[in-house]
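**Student:** Dropping a structure here in structure tokens format, bear with me for questions.
The values are calculated or read from the model by the stated rules, or taken from the named source; none is laboratory data. Since we're looking at a predicted model, the values are computed, not measured. Every residue, glycine among them, receives a Cβ derived from its backbone with ideal geometry; neighbour counts consider all protein chains shown. Ligands, DNA and RNA are stripped out before the accessible areas are found, and what is left, the full protein with its side chains, is counted by its heavy atoms. Shrake-Rupley method; radii C 1.70, N 1.55, O 1.52, S 1.80 Å.
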Amino acid sequence: MSRAAAPEFTKRRIRNLTITLASTVLLLTVFYSQNQSLGHASFTSGYLLYGTLLFLTLLNLRKRLSFLPAIGSAKFWMQVHIYVGLATFAIFASHVGWRIPNGKLEVFLAALYLIVAFSGVYGLYATRVYPKRLTRIGTEVIFERIPQLRNQLALHARQLVIETCESSDVLAKFYTSRLCYFFEQQPALAYLVHPSSRTRKKLIHEMEDLDRYLGTDQRQVREKLTQMVHQKDDLDYHQALQGRLKIWLFVHIGLTYSLLLVGLLHGILAHAFSGGPS
Amino acid sequence: MDATTLNTNPQMRRPMRWDQPLDPNMSDSTVEQLMRTDPFAQMDPDSFRAQTPLRGILKNDCQIHHLQQGDIIVREGDYGGSAFFILEGKARVSLKQLPPEILGRQTPRKQGWLEAFVQGFRNSKHPEVRDYSRKTQTSTEFNQRQEGSTTRVFLQDIPRVIPLNQSVSLVAGELFGEISALTRTPRSATVVADSEIKLLEIRWQGIREFMKQNEVMRDHITDLYRENSLRSHLREMELLNHVSADAMDRLVQTTGFESFGKFQWNQKFESTLKKDIAERILSEPVIAEQGTYVNGIILIRNGFARISRNHGQGHQTIGYASKGKMFGLRELAHTWKTGQPTPWLLSLRAVGYVDILRIPAREVEDLILPSLPESKMPPPIANPNLSGEKRRHARPKSMDRGLMEFLVERRLINGTKAMMIDLDRCTRCDDCVRACASTHNNNPRFNRQGPIHDHWMISQACMHCLDPVCMIGCPTGAIARDPESGNVSINDTTCIGCSTCANSCPYNNIQMVSINNPQGQPIHDTDTGQPIVKATKCDFCESHAGGPACQRACPHDALVRIDLSTPQSVTQWSQR
């Protein structure tokens, strides 16, 4: 189906980017002028960065308080989260003086920030790209039901093969040696990291090669099994992509709390040593 | 289909109209008794068609009810497909609107911020918990009694609830509820048994036969309809704003009223879906056929129609029309202006059940078009033979054809608040489901699953339909539509768990659930020991000030509650 342009989304993107860029330039100008007038711009940018990070956690709070009226839509909060999050890159760079920080705590803190920030960027990419890939599969699966569906499929496949055992053992042997593991096991870690259709294609090719040894009835069973291999592969693909969409969020949120704690410690230390040696 | 089935020659008797009588216990002696009672005694049995004889109608399309004083016969706002004829006793029609609690309904009440906050943290950890020790919204006047397998709702203090000066009495020999049954519109008043009463319920198919064969009944119903309903419908039409009072009188007298399709379309919906699409379109009753003579303007009163055009050997859906939409003005205006007869440019077919008004072409040309301002005139029909001709009127944005076919085929165009999900944006995070659960005591009221076309999913959430077939037959009136918001909601207290609504919903959007007490233990019926079940569905968060939680909770702008009955809203959202 041809996809029409998205004027509403484009307009929204242009508007939000303009506001973000303008605000960022304004902030950087303030920091620069503060530095020029011998002020402590690092404190200003530090407080602002920490406050911004706290503000960004409000999206998660908004999601947990969905039962409350008049707290704004999650859509609005997400847009604010994305663009404020992008602006923190500039605030962070200004805060560390546009260089790699020195000091072990500072390096650790900077690394934490960068992991959280870049996991956010990855999340933005993943949430825009993976849904389309999932949709292209054509079947819709609820993540929590995948193990149950996999078990059903494995059971059904085993029953189908058992029914053919009386006339010939070709399918049964192939099932035991090649298909049993595929149907009954979770996808391998390598597949979850980089899902591909290689295993599916290989299995289907091998199954089609069996046709010359099969009777008409058994060929029908083989065709059904081929369809089930497709279904199992779709389930694995859903698990891999939906899993990624959940894991990145887990990492992003989990590390944010660490970032806030280490950031707080950094702030306390910065204040404690702000006067310099007496 | 397996091989065994292929090799056999499956046969069955062709289903007949009266395979499922309204009351299987209706005996021949009761029919004979009715035949001796007016108005049936006045009817000539020979005037009825051989396929639908008078005795057959009485036996198959009718049912006798014996009600006690105070029993509610019909409730204002309910939908129903039957009229009632009083055989003995009397009934009272309330001229005032009765409080919803008396009728077993729920009054929507918006929660405050603090109340929502407290409730959000007090959600039960057990599913489907009901606490009947708390105060419920049922009025003291709301009472139920069991009569065989049916539940009757009755009023105890009729004179207080329905004062004499605010009611009309109906006596033996009078018919009521026929307009609502024939036009599939909500009942306009509540009627209560004012004494012990013997009623004859006649389903709409029967009334239609009586109208066809009996002049007195036909005139009576037609006059009632023309005076009470038709005039106001015509007045509401913008097109008729400029016609004179005399012209309006003539229009009221000449406008025809027609019905197409099956009243209870939902019953065969699943099997209809299995048919080939071309066959399905051809089986839809034709209201207007492309290329034939335009005999008037068609105004859709109820239901949905498919707008299609001939394409190759088949029919291509290019739009759909629901209540209030008009068809045929463009052709008639063109004919009137140019003098060249213009046939129907497109076809109109009934999807499910459709009621239409047809204003005859002559009246349109004599009364409507001369008084219509030029600004209200439809755009001229471009000559298809002039290929290079530029269109003076820009075409409005149109919906993707595939999406349109999908919505029409599955009758999703019935939904006014359907949940539409853009799967290309949905991250399957289930924030919508969690938000729904958190606003409904930890019970999600929809399934994030449903029919899919391309990257659009219509999720299994109540669509608050234009034609709410779920509301037909609720014995206690627990399921009702809010007249202001249009939301269809279920009063949990008065729902008796009969599953009528769940079975009627063609989209499987109503779930029957077993309920538990606050400790999570299943609640059982004291008499039978069976679990108590209740009908549950999306209530569009009507008690929440912020609107539907699902839509507000979607961070990716992937979910919307949308009116599928208007193509414009779908087009606008799908082409963002």
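**Student:** Nearest 100 Å² is fine: how much accessible area is buried between B and A, summed over both sides, with a 1.4 Å probe?
**Tutor:** It comes to approximately 3300 Å² buried between B and A.
**Student:** Name the longest site-free stretch of chain A, where the excluded sites are trypsin sites (Lys or Arg not before Pro) in a DSSP loop with no more than 15 other beta-carbon atoms within 10 Å.
**Tutor:** Longest site-free region, per DSSP loop and neighbour criteria: A:100-278.
**Student:** Compute the separation of the alpha-carbon centres of the stretch A:196-267 and the stretch B:475-522 and state it in Å as a whole number.
**Tutor:** 39
**Student:** Express the accessible area of chain B per residue in Å², computed with a 1.4 Å probe while the remaining protein chains stay in the model.
**Tutor:** 47
**Student:** Calculate I(q)/I(0) for the stretch A:35-174 by the Debye formula, one identical point scatterer on each C-alpha and no solvent, and give its log10 at q = 0.11, 0.16, 0.20, 0.22 Å⁻¹ to two decimals.
**Tutor:** -0.67, -1.01, -1.23, -1.31
**Student:** In a shell of Cβ-Cβ distance under 14 Å around B:Lys534, excluding B:Lys534 itself, what net charge do Lys and Arg (+1) and Asp and Glu (-1) give?
**Tutor:** Counting the neighbours of B:Lys534, the net charge comes to -2.
**Student:** Using bins 5 angstrom wide from zero, how does P(r) for the stretch A:192-278 break down, in % of all Cα pairs?
**Tutor:** All Cα pairs, binned at 5 Å, distribute as 3, 11, 13, 11, 9, 8, 7, 6, 5, 5, 5, 4, 4, 3, 2, 2, 1, 1, 0 percent.
**Student:** Okay, moving on. List the chymotrypsin sites (Phe, Trp or Tyr not before Pro) in the stretch A:1-93 that DSSP assigns to loop (not H, G, I, E or B) and whose Cβ has at most 14 other Cβ atoms within 10 Å. Which are they?
**Tutor:** Those that pass, being in a loop and sparsely packed, number zero.
**Student:** Just the Cα atoms of chain B: what Rg and Dmax do they give in Å?
**Tutor:** When restricted to the Cα atoms of chain B, Rg and Dmax are 25.9, 79 Å.
**Student:** Too long at a 22 Å Cα-Cα cut-off: which of A:Lys201/A:Lys224; B:Lys59/B:Lys198; A:Lys75/B:Lys125; B:Lys275/B:Lys534?
**Tutor:** Too far apart for the 22 Å limit: A:Lys75/B:Lys125; B:Lys275/B:Lys534.
**Student:** Can you list the aspartates and glutamates whose alpha carbon is less than 18 Å from that of B:Lys325, not counting same-chain residues fewer than 8 positions off?
**Tutor:** By straight Cα distance, B:Lys325 reaches B:Glu236, B:Glu238, B:Glu258, B:Glu289, B:Asp355, B:Asp467, B:Asp563.
**Student:** Can you send over the solvent-accessible area of B:Thr427, 1.4 Å probe, protein chains only, in Å² to the nearest 10?
**Tutor:** Counting only protein heavy atoms, the figure is 10 Å².
**Student:** List the aspartates and glutamates whose Cα sits under 19 Å from the Cα of B:Lys110, skipping any in the same chain fewer than 8 residues away.
**Tutor:** Cross-link targets: B:Glu101, B:Asp482, B:Glu484, B:Asp492, B:Asp539, B:Glu542.
**Student:** Where in the stretch B:34-142 are there chymotrypsin sites (Phe, Trp or Tyr not before Pro) that are in a DSSP coil and have at most 16 other Cβ atoms within 10 angstrom of their Cβ?
**Tutor:** Here the chymotrypsin sites (Phe, Trp or Tyr not before Pro) that fit, given the DSSP loop and packing criteria, are B:Tyr132.
**Student:** Evaluate 2.2 N^0.38 Å with N set to the residue count of the stretch B:317-383, then give the Cα radius of gyration divided by it.
**Tutor:** With N residues counted in the stretch B:317-383, Rg over 2.2 N^0.38 Å equals 1.19.
**Student:** Report the dimensions of the stretch B:24-121 along its three principal axes from the alpha-carbon atoms, largest first, rounded to Å.
**Tutor:** Each principal axis gives a Cα extent; for the stretch B:24-121 these are 70, 29, 23 Å.
**Student:** Translational diffusion coefficient of the stretch B:94-137 at 4 °C, 1.567 mPa s, Stokes-Einstein with Kirkwood Rh over Cα pairs, in µm²/s as a whole number.
**Tutor:** Once the numbers are plugged in, D ends up at 97 µm²/s.
**Student:** I want to verify the translational diffusion coefficient of the stretch B:423-465 in µm²/s; compute it with Stokes-Einstein, Rh as the Kirkwood radius over Cα pairs, at 37 °C and 0.692 mPa s.
**Tutor:** For the chosen part, D equals 292 µm²/s.
**Student:** What ratio of Cα Rg to 2.2 N^0.38 Å holds for the stretch B:395-490?
**Tutor:** 1.24
**Student:** Rounded to the nearest 500, what is chain B's calculated 222 nm mean residue ellipticity when only DSSP H runs of at least 4 contribute -39500 (n - 2.57) each, over all residues?
**Tutor:** -6000 deg cm²/dmol
**Student:** Oh, and also: So what are the radius of gyration and Dmax for the Cα set of the stretch B:206-349, in Å?
**Tutor:** 17.5, 51
**Student:** Hey, another quick one. Got a sec? What order do B:Val171, A:Val161 fall in by accessible area at 1.4 Å, biggest, i.e. largest, first?
**Tutor:** Reading off the accessible areas and sorting them downward yields B:Val171, A:Val161.
**Student:** Now a separate question. Residues with amide H under 5 Å of B:Cys538's amide H, sequence separation 5 or more or different chain, H placed in the peptide plane at 1.01 Å from N; which?
**Tutor:** B:Cys462
**Student:** Now for a separate question. Where does the Debye-calculated log10 I(q)/I(0) of the stretch A:14-59 sit at q = 0.16, 0.20 Å⁻¹, using only Cα point scatterers of equal weight, no solvent?
**Tutor:** -0.53, -0.75
**Student:** With θ taken as phi - 60° and the coefficients 6.51, -1.76 and 1.60, list the Karplus ³J(HN,Hα) couplings across the stretch B:313-324 in order, rounded to whole Hz; mark glycine and proline as x.
**Tutor:** Calculated HN-Hα couplings, in order: 8, x, 10, 9, 6, 10, x, 9, 10, 10, 3, x Hz.
**Student:** Out of the stretch A:116-199, which GluC sites (Glu not before Pro) are coil in DSSP terms and have no more than 15 other C-beta atoms within 10 Å?
**Tutor:** A:Glu166
**Student:** Taking Rh as the Kirkwood radius, which is the inverse of the mean 1/r over Cα pairs, what is the Rg/Rh value for the protein assembly as shown?
**Tutor:** Ratio of gyration radius to Kirkwood radius: 1.03.
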